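This report concerns only the one structure given below.
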C-alpha cells in the first residue's frame, strides 16, 4: 500500500476487505477518502507486538476510527496539504487531464494523476503524519 493507501485511506478505493473500513471517495479530491462510520463497539483490547497477525492492522484501524485519531490526523493532513498548495496543484492537474482527455471517467482520471499526487506530497508532511500514526500505534500496542 502507498502512503495514502494505508491506514488513512482504508485500502483500495471502493473495495472492502476484513481489514479495511468502508470508505467514501470525495468527488472533488480523489485522495481524500472519508470513512463511513462503523458500528459502535467497545474499545479493542491492547495488542502485543510479540505475535503480530493480519488482525493487527484491523485492530489499529478500528482504534483509529473509534478514538477519533483518524479524524484528527486526516484533518491535519488536509490542512497541511492546503497550506503548501498541494491540493490546488492536484485540482489544477485534474482539470488539465480532464480537458486533455475529454469525457473521462473518475477512475481513469484518478489513475492518470494518482502517482504524481503521491510523489509530490512534501517529505515534511509525510514525516509529520507518520509521526502522528506512530504515536497512536504506541498508545495501542503493548511494547515488551
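Read-outs throughout are calculated quantities, based only on the coordinates presented, and are distinct from any laboratory measurement. Here the structure is a predicted model, which is why all the values come from computation and not from measurement. Cβ sites come from the backbone with ideal geometry, for glycine too, and all protein chains shown count toward neighbours.
Counting beta carbons within 10 Å around each of 130, 56 and listing the fewest first gives the order 130, 56.
If the segment from residue 104 to residue 91 were pulled out straight at 0.36 nm per residue, it would be longer than the present Cα-Cα gap by 3.2 nm. With distances taken between every two different alpha-carbon atoms, the stretch 97-144 has a Kirkwood hydrodynamic radius of 13.7 Å.
Note on 98, 87, 111: ascending count of other Cβ atoms within 10 Å places them as 111, 98, 87, the fewest first. Principal axis analysis of the Cα atoms in the stretch 54-142 yields extents of 52, 28, 19 Å, listed in decreasing size.
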